[in-house]
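Q: Sending over a structure as structure tokens; questions will come in a sec.
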Number of protein chains: 2
Amino acid sequence: MSNIRHALNTKREDDFSAWYQEVISAADMAEDSGVRGCMVIKPWGYGIWERIQRLMDDRIKAAGVQNCYFPIFIPLANFEREAEHVEGFAKEMAVVTHHRLISDGKGGLMPDPEAKLEEPLVVRPTSETIIGDAMARWVQSWRDLPLLTNQWANVVRWEMRTRMFLRTSEFLWQEGHTAHENREQALEETHRALEMYRACAEEDMALPVIAGEKPENERFPGAVETWSIEAMMQDGKALQAGTSHYLGTNFAHAAGIKYQDREGTEQFCHTTSWGVSTRMIGGVIMTHGDDDGLRVPPRISPQQIVILPMLREKPEDEELLAYCEEVRASLAAQSACGEPIRVLLDKRPGKAAGKRWDWVRKGAPIIVEVGPRDMEGGKVAVLRRDRLWNSENGKPDFAFTPRDEFSSQAAAMLEEIQQGMFEQARERRDANITRGVGSLDEIAAFYDGSTKYPGWIEVQWSKPTGDALDKVVEKLKAHKLTFRNVPRDAEPADGTCIFTGEPAVERILVAKAY
Amino acid sequence: MSNIRHALNTKREDDFSAWYQEVISAADMAEDSGVRGCMVIKPWGYGIWERIQRLMDDRIKAAGVQNCYFPIFIPLANFEREAEHVEGFAKEMAVVTHHRLISDGKGGLMPDPEAKLEEPLVVRPTSETIIGDAMARWVQSWRDLPLLTNQWANVVRWEMRTRMFLRTSEFLWQEGHTAHENREQALEETHRALEMYRACAEEDMALPVIAGEKPENERFPGAVETWSIEAMMQDGKALQAGTSHYLGTNFAHAAGIKYQDREGTEQFCHTTSWGVSTRMIGGVIMTHGDDDGLRVPPRISPQQIVILPMLREKPEDEELLAYCEEVRASLAAQSACGEPIRVLLDKRPGKAAGKRWDWVRKGAPIIVEVGPRDMEGGKVAVLRRDRLWNSENGKPDFAFTPRDEFSSQAAAMLEEIQQGMFEQARERRDANITRGVGSLDEIAAFYDGSTKYPGWIEVQWSKPTGDALDKVVEKLKAHKLTFRNVPRDAEPADGTCIFTGEPAVERILVAKAY
């Protein structure tokens, strides 16, 4: 069998950024669209998104949150009335000013000056303000609360530097928006969403994450508390993979979301919002990809098992295809990770070995090759994407297995791959969080370039605010470092703040980040 | 039990348009957003859309079409290079001209004059041109064909007069786009999509439709052939519920979608596009609604059975809820129409009779009420939304049924409701297509207002083109009439064209339309 080691030109250790772009291209996930900052998500990339959507949506619905759809356009006035929000957000956005095109008299088109909008419309960068308007209409009494809504939508943030999946002008996401009677209930929802994201990241995407609260300087504009899940990429950088915000009554004041409480008194609602996006896919690539391409965790893989018949464009092919179809059907009739196994019989013309590398690059969890001799012996050749190479002979590590035996093992194998990918990522993550760094100078030394992918540092701090915090943030920024979050499950503080020298009150993560 | 006949203020026969708006509001499906021409789709309306999406997406995937996602923004140049397309489409569209907002110095915001785009971007009204660009990159050889793509997306067409679901500036849809080697294969795909739409409309939405070809004047701009499915609303008007276009090589020439054929010669691809939208939901309302509200066909109903316990806010409620939960679980464990039954135990506070009317207005197919006496007798009270009223006593027609008996009948009952709704709509549709009208004057007389909801007319015609067709279209327009389509399954022509007096070549439908 063919033995092309490393299906990619670039290795992670040589140039992680170039490797990332190459994986996206080699796995045929997405490409530049030619429209500024926007990408085309191709079937394999979109298929992964559909899986993430399906699994996340099940969790959202199970929590009693109802899906709605709100307008893509937001009037300027909505941004104007929430000053803090404007300051943080209302800058780089796509602005619609005209509603008609006409000929420019030179063979081209132009916006019709006669069709200028009285009030420009913004293409939503996020929907707090427009959903706030709806909540103000929908909520009158405490009986209407909690109000739990979510939408799956595209949003646009005009980005100057873009990178596929990680930062694009248009991206796809879900945004949950909820209204509650009081702080306690809103905080409970903030944490429910955060925990849902943790579970979805870890159980579905096999991405180990650290859930925690963002420091003041990293809060969503208008939020009272911002919580995040942070994942470590293989280059040691952090990826914020989802956020959940407790918004206090800030947006309720701006939009007039009020209710009569049980005593008949008018109160402002406490609201939350929470979102994850196609950025998650970037996290999957940078966590699970290797020097042969992508590896997709089985639960979110559009195809979990791909069967490749060794076709020879001869009459015998028919019998081989029938055999493969039997294998396919017997696998498709089974469940793994709680759903029917997704199995594809790839009948495209071309050599099996060539197609194999397509699927290795795409990261299908299990590849099954079947040649005439396998068929005669009632066998299949099974290749696991997570154990691609035989360490002794350096060849693809096929296991020649009786078809019935493979069929009875396949579900367990997929679950083992899922779990193994998570464990591998978690071990790497845990091995790359450094504790005990005692000063900002030591932090700077840690990231001086002598270690290529240095990972994260967890430090104790006194939780400075305002100017004091800004000063620390500036110093970190000089080393391209940021605060990630205060881990929810960290040990209590027991030392001194390395920034202020005051007694520490909690632990916080420091890292380079996407 | 409570006996409020007619849950709505407006009857269909009095004011169909006001009735339509009232159903949307009474069933809590959608509302105006306050943003020009855009609606908010609320959970019940969006839940129906999610069902339609799921069922349609299954059909799309089964046909080997792959979902992708393309940018929401389309550069002006894409519209400019396809002149015929510009003529027809590039008029009322949302145009993005700036990428930043700044303070206007008066406490408000404005587009930043420094951040004007060099080339304005159009918010996609449909995606032929941007997907054409991708196809040109993706197709090189006949081996890359057919290329079968679809996207689920929002699109914007700046509408002057809007009506919820039927015509809104922003709407949700799917758009399939495919490229083929030749005319035959592209036409085959055009008809596959049309047939998929017919099946989805009839089998999933219980909407009887007539599939046929649009006359020349109703073609999609840039199409060589446009096919549609047309549904008859209860006011006799037609609703175009889906379209499938054979685009010839028009868009391929504009975008440069070329391939090397089997002989090595460069050829232009033949492309198709096809779409259905949230408009379908308007069709469901106007086909199945009655004077008590909406009726949702079981296959697309977010909840198929709703259980209402008669709670009294007393300790006995607990036992009643446990009984209802058992009923719920036994139903949820079963399948109807090929999927697990979707059943909701509505535990909200409030009287069962009050909540009953909420669900009648929403159109849940089966409502089950359970009081303490029903529980004692091991029974449930079953109300079918399609047979709400007892014709003898004028009361809601509850069937008091042993719970096990109901449980064993529920799946069959849902299938019967689905089928019955389709049959009822088909009979009404068939009874309201008039044939044998012999002249334009007779058509005018038919629609003179003496019959409130006159339905459609099928006439024979000689298929005039160009100016001759325009003249006929103008005359029909004077009576607010349009050509719908030439039914695929109509009898062959055997008479004279009522417009031109020439020998007829086919039959065509004439109707008022949405």
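The values are calculated or read from the model by the stated rules, or taken from the named source; none is laboratory data. Because the structure is predicted, anything quoted here is derived from the model rather than measured. Ideal geometry is used to build each Cβ from the backbone, glycine not excepted, and the neighbour counts take in all protein chains shown. The protein model used for the area step is the full one, side chains on, heavy atoms only, and it has no ligands, DNA or RNA in it. Shrake-Rupley method; radii C 1.70, N 1.55, O 1.52, S 1.80 Å.
Q: Find every distance from the label point of A:Ala478 to the corresponding label point in the other copies (7 Å from Cα along Cα→Cβ) and write them in nm, one decimal, shortest first.
A: 8.5
Q: Taking the Cα of B:Gln334, stepping 7 Å toward and past its beta carbon, and measuring to each backbone N in the stretch B:276-299: which are under 20 Å?
A: B:296-299
Q: Also, quick follow-up: Under the 0.36 nm per residue contour assumption, what length would be gained going from the current alpha-carbon distance of B:Lys347 and B:Asp430 to full extension?
A: Details: separation 83, 0.36 × 83 = 29.88 nm, distance 4.24 nm.
Roughly 25.6 nm would be gained on extension.
Q: On to the next question. Can you work out the FRET efficiency for the pair A:Glu491 and B:Gln140, with r the C-beta to C-beta distance and R0 = 51 Å, to the nearest 0.05? Walk me through the numbers on the way to the answer.
A: Numbers: r = 58 Å, r/R0 = 1.14.
The pair A:Glu491/B:Gln140 has a calculated efficiency of 0.30.
Q: Rounded, prolate or oblate: pick one for the protein assembly as shown, where a ≥ b ≥ c are the square roots of the eigenvalues of its C-alpha gyration tensor, a/c under 1.5 means rounded, and failing that, prolate if a/b is larger than b/c, else oblate. Working shown, then result.
A: Numbers: a/c = 1.41, a/b = 1.24, b/c = 1.14.
Rounded is the answer for the protein assembly as shown, as its axis ratio a/c remains below 1.5.
Q: If the label for B:Pro492 sits 7 angstrom from Cα along the Cα-to-Cβ line, what are its distances to the same label in every other copy, in nm to one decimal, shortest first?
A: Inter-copy label distances (nm, one decimal, shortest first): 9.2.
Q: Still on this structure: Any idea what angle helix A:128-138 forms with the longest principal axis of chain A, computed on alpha-carbon atoms, 0 to 90 degrees, nearest 10?
A: Long axis of A:128-138 versus the principal axis of chain A: about 70 degrees.
Q: Using the structure shown, select from A:Lys355/A:Lys395; A:Lys314/A:Lys355; B:Lys452/B:Lys475; B:Lys11/B:Lys347; A:Lys91/A:Lys116; A:Lys61/B:Lys347 the pairs with a Cα to Cα distance greater than 25 angstrom.
A: The pairs that break the limit, which is 25 Å between Cα atoms, are B:Lys11/B:Lys347.
Q: Considering Cα pairs under 8 angstrom that are at least six residues apart, work out the relative contact order of the stretch B:298-417 and quote it in whole percent. Walk me through the numbers before you get to the answer.
A: Details: 188 pairs, mean separation 36.9, N = 120.
So the answer I get is 31 percent.
Q: Sort the stretch B:116-217 into rounded, prolate or oblate with this rule: let a ≥ b ≥ c be the square roots of the eigenvalues of the Cα gyration tensor; rounded if a/c is under 1.5, and if a/c is not under 1.5, prolate when a/b is larger than b/c, oblate otherwise.
A: Values: a/c = 2.13, a/b = 1.02, b/c = 2.08.
Oblate, since a/c reaches 1.5 and b/c is not below a/b.
Q: Starting from the Cα of A:Glu376, step 7 Å toward the Cβ, then list every residue of the stretch A:283-312 with an amide N under 17 Å from that point.
A: So the set is A:310-312.
Q: Which FRET efficiency value, to the nearest 0.05, do you get for B:Glu119 and A:Asp404 by plugging their Cβ-Cβ distance into 1/(1 + (r/R0)^6) with R0 = 60 Å?
A: E between B:Glu119 and A:Asp404, to the nearest 0.05, is 0.50.
Q: From Cα pairs below 8 angstrom and at least 6 apart in sequence, can you work out the relative contact order of chain B, rounded to a whole percent?
A: Numbers: 1023 pairs, mean separation 73.5, N = 514.
The normalised contact order for chain B reaches 14 percent.
Q: Given a 1.4 angstrom probe, what's the average accessible area per residue across the stretch B:94-205, in square angstrom?
A: 37 Å²
Q: Any idea what the A:Asp448 label distances to the other copies are, label 7 Å down the Cα→Cβ vector, nm, shortest first?
A: Nearest to farthest, the other copies are at 9.9 nm.
Q: Leaving ligands, DNA and RNA out of it, report the carbon-plus-sulfur percent of the accessible area of the protein assembly as shown at a 1.4 Å probe.
A: Within the protein assembly as shown, the accessible surface is 46 percent carbon and sulfur.
Q: To the nearest 500 deg cm²/dmol, what mean residue ellipticity at 222 nm is calculated for the protein assembly as shown from DSSP H runs of n ≥ 4 alone, each contributing -39,500 (n - 2.57), summed and divided by the residues?
A: -10000 deg cm²/dmol
Q: Could you report the stretch A:326-409's accessible area per residue, 1.4 Å probe, as an integer in Å²?
A: On the way: 3860 Å² over 84 residues.
So the stretch A:326-409 comes to 46 Å² accessible per residue, rounded to a whole number.
Q: Same structure, new question: Given a 1.4 Å probe and no ligands, DNA or RNA in the count, how much accessible surface is buried by B and A, both sides, to the nearest 100 Å²?
A: When B and A are taken together, about 5100 Å² of accessible area is lost.
Q: Check which residues have an amide H placed less than 5 Å from A:Lys512's amide H, if you skip close sequence neighbours.
A: A:Ala238, A:Thr482
Q: Checking the cross-link filter: which lysines have an alpha carbon closer than 19 Å to that of A:Lys471, excluding same-chain neighbours under 8 positions apart?
A: A:Lys214, A:Lys463, A:Lys480, A:Lys512
Q: Give the aspartates and glutamates reachable from B:Lys258 as a straight Cα distance under 14 Å; neighbours fewer than 8 places away on the same chain don't count.
A: B:Asp133, B:Asp144, B:Glu181, B:Glu266
Q: Ok, one more. Report, in degrees rounded to the nearest 10, the 0 to 90 angle that the Cα long axis of helix A:466-478 makes with the longest principal axis of chain A.
A: Once rounded, one gets 30 degrees.
Q: Once phi is turned into ³J(HN,Hα) by the Karplus curve 6.51 cos²θ - 1.76 cosθ + 1.60 with θ = phi - 60°, what whole-Hz value does each residue of the stretch B:489-498 show in order, with x for glycine and proline?
A: 9, 6, 4, x, 6, 8, x, 10, 5, 6
Q: Multiply the residue separation of B:Asp32 and B:Lys314 by 0.36 nm, subtract the distance between their alpha-carbon atoms, and state the gained length in nm to one decimal.
A: Extra length available between B:Asp32 and B:Lys314 comes to 97.5 nm.
Q: OK, next. Per residue of the stretch A:163-175, what does 6.51 cos²θ - 1.76 cosθ + 1.60 with θ = phi - 60° give for ³J(HN,Hα)? Whole Hz please, x for Gly and Pro, Karplus curve as stated.
A: Each residue's phi maps through the Karplus curve to give 8, 4, 6, 7, 7, 10, 4, 9, 9, 9, 7, 10, 10 Hz.
Q: Return one number: the angle in degrees, 0 to 90 and rounded to the nearest 10, between the long axis of the Cα atoms of helix B:183-199 and the longest principal axis of the Cα atoms of chain B.
A: 20 degrees
Q: Let a ≥ b ≥ c be the square roots of the eigenvalues of the Cα gyration tensor of the stretch A:433-511; is it rounded (a/c under 1.5), or, if not, prolate (a/b larger than b/c) or oblate?
A: Because a/c hits 1.5 or more and a/b fails to exceed b/c, the stretch A:433-511 counts as oblate.
Q: Once you have the alpha carbon radius of gyration of the stretch B:298-417, what is it after dividing by 2.2 N^0.38 Å, with N set to its residue count?
A: For the stretch B:298-417, the normalised Cα radius of gyration comes out at 0.99.
Q: Which cross-chain or sequence-distant (5 or more) residues have an amide H under 5 Å from the amide H of A:Val505, H modelled 1.01 Å from N in plane?
A: A:Trp461, A:Ser462, A:Lys463
Q: Another question, then. So what are the ³J(HN,Hα) numbers for the stretch B:54-65, from phi and the Karplus equation (6.51, -1.76, 1.60; θ = phi - 60°), rounded to whole Hz, Gly and Pro as x?
A: Karplus values, whole Hz, x for Gly and Pro: 4, 5, 5, 4, 4, 5, 5, 5, 4, 8, x, 7.
Q: Moving to a separate point now. Rounded to the nearest whole Å², what accessible area per residue is found for the stretch B:433-511 with the 1.4 Å probe?
A: Per residue, the stretch B:433-511 has 52 Å² of solvent-accessible surface.
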